[in-house]
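As structure tokens, the structure follows; a few thoughts come after it.
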Amino acid sequence: MNKIAFNYSNSFVKKHEIKHMESLVHTSHELLHKKIGAGREFTGWINLPKNYNKEEYQKIKNSASRIRENSDVFIIIGIGGSYLGARACIEALNHNFYNAVSKDKRGGPEIYYVGNNISSSYILDLLDLFEDKDITINIISKSGTTTEPAIAFRLLKEYMENKYGKEESKERIYVTTDRSKGALRSLTEKEGYTSFIIPDDIGGRYSILTSVGLLPIAVSGIDIDMLMKGALEGMNEYSIDDIDRNICYQYALIRNILYNKGKDIEILINYEPYLHYFSEWWKQLYGESEGKDNKGIYPASANFTTDLHSLGQLIQDGKRNLFETIIHIEKPKKDMRIREDKDNLDGLNFLAGKTIDFVNKKAFEGTLIAHTKGQVPNLVINVPEMNEYYFGKLIYFFQKACAISGYILGVNPFNQPGVEEYKKNMFRLLGKPNV
Ligand code: PA5
């Protein structure tokens with residue numbers, strides 16, 4: 001297997017700047033691996049690719065096969081870390097138009113997401129899709145009390161009980177939550193639903209390789225063994241406390257060096273639409289982990305070449321406070337050649353014989369040259385191809401880099417005190433008792 005590579009030759013960061021900050025990486029490594037840093041009680045994800053609960057894992061696989069057999073539609077209810085990882089993986093590794101292709105081609109049920117907003121139109125429009133279809137639901141919430149998924153679950157539970165009756169609904173509702181705390185756990189015990197446990201020492205945004213991500217991912221037909229294998233190799237490779245040999249630590253440090261030079265916006269770039277939700281997952285991971293104590297790089301994203309026609313001008317020529325991190329997929333999943341056209345009315349014969357992906361790569365190279373000329377530091381993460389193995393490894397890469405980067409920045413990368421503020425206000429306005 002070729003390795004994921006990291007190229008910072010266009011970052012404008014000099015070797016001596018790395019040397020100067022290197023000791024901080026070492027300190028952060030110690031804080032994380034010796035579990036003596038802030039938020040240490042939420043670092044169970046570090047060894048998860050090796051130490052995962054094998055019984056729970058088998059139960060995930062069995063449940064996924066059952067759901068694939070008896071469902072036309074699978075609905076994932078969750079918000080933030082409780083759905084973004086699964087969605088990122090399902091979209092990156094399946095057909096670009098997964099829900100629209102035939103079940104034969106897809107293999108698994110159609111997949112929809114709800115409980116990640118409070119839009120009445122969204123929920124009601126979604127219910128219109130299911131009339132003649134067999135449905136299974138997976139509600140995912142670590143706290144078991146988050147408003148958005150709780151409301152969606154109340155509505156869908158009622159919908160399921162009307163459609164199937166109480167008994168059959170029990171076979172079609174799967175719950176992923178804390179082992180003992182929260183309203184969702186007590187409801188689950190009362191109703192007798194099949195349930196999965198989110199480990200105490202793993203926070204939402206680091207939970208994709210637990211049942212939070214793995215059940216939905218397996219339902220879509222993705223090989224979770226390969227995903228875990230990639231993550232395990234990531235775990236081994238990115239635990240080396242030597243910045244010259246650890247690209248994950250290089251990325252963590254360089255983004256901090258850039259931040260210290262006033263680059264406080266990082267744009268994660270892809271050239272494949274199937275990575276859109278990967279960026280959403282990444283934004284949540286970095287935003288919630290680092291944005292605190294009046295510090296933090298603003299994590300933004302752009303889908304190229306699409307957004308070169310909307311954000312391209314600003315990136316090229318606007319305020320010089322940003323840098324780009326490009327996820328570059330070397331080998332496309334599919335490709336085709338552009339053929340010669342005898343009339344050449346569109347003037348495209350200069351591309352005859354070239355593949356579409358070749359053109360995409362030239363767009364990447366051309367943009368890199370242009371943006372670097374515009375003084376935008378460009379970091380490139382080169383992924384040999386997009387499959388289960390590399391996805392698992394990439395997930396681990398970014399999680400580990402986020403934790404190290406957060407410690408370099410001097411924040412607790414595992415809490416999210418700011419998220420509570422809007423909830424308190426909303427509850428007060430809604431008249432919730434005891435807020
Ligand atoms: O990463 C986090 O901790 C958060 O984004 C949570 O995942 C999100 O708020 C949902 O919380 P819960 O799983 O408790 O419903």
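The values are calculated or read from the model by the stated rules, or taken from the named source; none is laboratory data. Predicted model, so just to flag it, every value in this text is computed and none were measured. Cβ placement follows ideal geometry from the backbone for every residue including glycine, while neighbour counts extend to all protein chains displayed.
Tabulated data for the structure shown
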| item | result |
| --- | --- |
| Tabulated pairs, segment 67-87, first modelled with pLDDT of 95 or more and among the polar types (S, T, N, Q), second within 12 Å of the ligand (Cβ to nearest atom) and assigned to a loop (DSSP other than H, G, I, E, B), C-beta under 8 angstrom, 6+ apart or interchain | SER82/LYS142; SER82/THR146; SER82/SER207 |
| Every residue from segment 295-345 that is crowded, with 19+ Cβ neighbours inside 10 Å, among the aromatic types (Phe, Trp, Tyr) and either in contact with a Pro (Cβ under 9 Å, 6 or more places away or on another chain) or not in a loop (DSSP other than H, G, I, E, B) (or both) | PHE323 |
| In segment 1-34, residue farthest from the chain's Cα centre (by Cα) [restricted to those that are in a loop (DSSP other than H, G, I, E, B) and exposed (fewer than 14 other Cβ atoms within 10 Å of the Cβ)] | LYS14 |
| Odd one out for ASN70 among (1) away from the ligand (no atom under 16 Å from the Cβ); (2) surrounded by 16 or more Cβ atoms within 10 Å (Cβ to Cβ) | (2) |
| Selected residue (only one of ILE151, ILE140, ILE118 is exposed (fewer than 14 other Cβ atoms within 10 Å of the Cβ) and within 16 Å of the ligand (Cβ to nearest atom)) | ILE118 |
| Conditions (1) of a type in the set (S, T, N, Q); (2) buried (at least 17 other Cβ atoms within 10 Å of the Cβ); (3) within 16 Å of the ligand (Cβ to nearest atom); number of the one not met by THR145 | (2) |
| Count of residues meeting criterion [surrounded by fewer than 20 Cβ atoms within 10 Å (Cβ to Cβ) and either touching a Pro at 6+ places or on another chain (Cβ under 9 Å) or hydroxyl-bearing (Ser, Thr, Tyr) (or both)] in segment 237-259 | 1 |
| Segment 87-115, subset more than 16 Å from ILE139 (Cα to Cα) and of a type in the set (Lys, Arg), residue surrounded by the most Cβ atoms within 10 Å (Cβ to Cβ) | ARG106 |
| Identity of the residue in segment 183-202, crowded, with 18+ Cβ neighbours inside 10 Å and in a loop (DSSP other than H, G, I, E, B), that ends up farthest from the ligand (Cβ to nearest atom) | TYR193 |
| Check on GLY287, assigned to a helix (DSSP H, G or I) and either within 30 Å of MET228 (Cβ to Cβ) or touching a residue at least 60 places away in the same chain (Cβ under 8 Å) (or both) | yes |
| Count - residues of segment 223-248 that are in a loop (DSSP other than H, G, I, E, B), in contact with a helix residue (DSSP H, G or I) (Cβ under 6 Å, 6 or more places away or on another chain) and closer than 15 Å to SER28 by Cβ | 3 |
| In segment 101-115, the residues that are of a type outside the set (Asp, Glu) and out of contact with any Lys or Arg (no Cβ under 9 Å at 6 or more places or on another chain) | VAL101, SER102, LYS103, LYS105, ARG106, TYR112, VAL114, GLY115 |
